[in-house]
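Structure first, commentary second.
The values are calculated or read from the model by the stated rules, or taken from the named source; none is laboratory data. Please read all numbers here as calculations on a predicted model, not as lab measurements. For neighbour counting, all protein chains shown are included, and Cβ atoms are generated from backbone atoms with ideal geometry for every residue, glycine included.
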Amino acid sequence: MDDLLRAAAERSIRYLAGRDARPVGPMPGAVERMAALGGSLPEEPSDPAAVLALLDEVGSPATVVGTGGRYFGFVTGGSLPAALAANWLAAAWDQNAFSRTTSPVAAVLEDIALAWLVDVLRLPAGTVGAFVTGATMANFTALAAARHAVLARAGWDVEAHGLFGAPPISVVVGAEAHPTVFKALGLLGLGRDRVVRVPADDQGRMRADAFPRLEGPAIVCLQAGNVNTGAMDPFAALCPLAREAGAWIHVDGAFGLWAAAAPGRAHLLAGVELADSWATDAHKWLNVPYDSGLAFLRVGEALRAAMAVSAAYLPEMASREPGQYTPDSSRRARGVEVWAALRSLGRAGVADMVERTCRHAERFAAGLRAAGYEVLNEVVINQVLVAFGDAETTRAVVAGVQKDGTCWCGPTVWQGRTAMRISVSSWATTEADVERSLAAMLRIAGERKVGKLTIGGW
């Protein structure tokens, strides 16, 4: 075991040391060689050292270097050194974070990390949190609590009686709500298509002047950080409207909620504290290893009512039991690396990481505009949308950037326009990474422009 773990550590360190020297996306040959990992299941045991070697030598070249400083394809953080090291230790501990009995250390670290998160994200005092897999499950968890709360006010116990015969729930979303919100609503039996969609402005923000009149049980889903533009819904205008109607207010803040940690960006979230629940990811802007999502509730009783489980063999304790607040029972101790990230960064470090990546996004936008390309969004946090001409040209530039390997960006369509999306979320991104990546983008876009002119005009 000792030799195997040392070998795994050495291979991991070697992988991380070499990430800047390799293309951000895997080369085609590396993907093809993964066939060596398959075949029929071996009839006899294999030497663990040989298994590890095969995994590293074939698997490592086929990875996307999301831990480096030049991956901008999705809102994907790298892994902070302290968080990665804590993740290794937590894997060795192999704790089941269900309860204080199954893992006292996991429960205590969750308590501490959640309290720190409520503080750094500027959520109301007394807010209760839960660790889940990601923002999809965080939305599901918070909306399950919302479903419980609005039906309980109407005299219906949804956990006991289900939705058959229950009072109908109105669900309001913005026109640019993230698809995972609809997935969560579908899983909860509230329907993906039964929602009331409120028009959005040109940045994807829900329009307060188009907010509908609500009656009866209702849930309003707002957004902190549009996945394309980074824009925030106008919480200060929308929350009072929803509150007046007696609606539960949920905020999908998968990455945008972290803007609250940066004093220079926190104003973008004015009014978000008026909500009843919030969902976010720690594996995005906090840069901890996958997977790590968070659901926060103003009133913890609603979350426990929706998630609690009881059985004769489970201990009854007066203190908070983590597993009574999440969909999972057995689960890994995600709080360990979140605690390590926050402890290592401190308040100032979290703020700097958010602000620094936002400045990198602004630099990308400025450089692309200066070269004559159209930036389609107001760059308020870490998202940049750029068009290099028509849809065909933009798609060709994106493909060229991906093939080049200097950096990695993906395509999107924003309000009918094809664009390249640049998401800057990694602690590892430096000014040199930005300049190197920007130069590659402009070179590839310039080659495409010249090529089209040669063929017969752009």
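Could you go through region 336-354 and let me know if any residue there is in a helix (DSSP H, G or I), among the aliphatic types (A, V, I, L, M) and over 24 Å from Gly134 (Cβ atoms).
Yes, there is a match, as at least one residue in region 336-354 is in a helix (DSSP H, G or I), among the aliphatic types (A, V, I, L, M) and over 24 Å from Gly134 (Cβ atoms).
Would region 338-358 turn up any residue that is more than 22 Å from the chain's Cα centre (by Cα), at pLDDT 95 or above and either closer than 16 Å to Val434 by Cβ or among the β-branched types (Val, Ile, Thr) (or both)?
Among the residues of region 338-358, not one is more than 22 Å from the chain's Cα centre (by Cα), at pLDDT 95 or above and either closer than 16 Å to Val434 by Cβ or among the β-branched types (Val, Ile, Thr) (or both), which makes the answer no.
Do the conditions hold for Leu257, that is, is it modelled with pLDDT of 95 or more, under 14 Å from Val172 (Cβ atoms) and in contact with a Phe, Trp or Tyr (Cβ under 9 Å, 6 or more places away or on another chain)?
No, not satisfied.
Which one of these does Val181 not meet: (1) surrounded by fewer than 18 Cβ atoms within 10 Å (Cβ to Cβ); (2) more than 24 Å from Val375 (Cα to Cα)?
Of (1) surrounded by fewer than 18 Cβ atoms within 10 Å (Cβ to Cβ); (2) more than 24 Å from Val375 (Cα to Cα), only one is false for Val181: (1).
Of the residues Val51, Val105, Val24, only one is touching a strand residue (DSSP E or B) at 6+ places or on another chain (Cβ under 6 Å) and modelled with pLDDT of 95 or more; which?
Result of the check over Val51, Val105, Val24: Val24.
Taking Gly389, is it surrounded by fewer than 20 Cβ atoms within 10 Å (Cβ to Cβ), out of contact with any Cys (no Cβ under 8 Å at 6 or more places or on another chain), touching a residue at least 60 places away in the same chain (Cβ under 8 Å) and not in a helix (DSSP H, G or I)?
Here the answer is yes, as Gly389 does meet what is asked.
When residues of region 406-431 are filtered for being free of Cβ contacts under 8 Å to residues at least 40 places away in the same chain and not in a loop (DSSP other than H, G, I, E, B), how many remain?
Of the residues in that region, 4 qualify.
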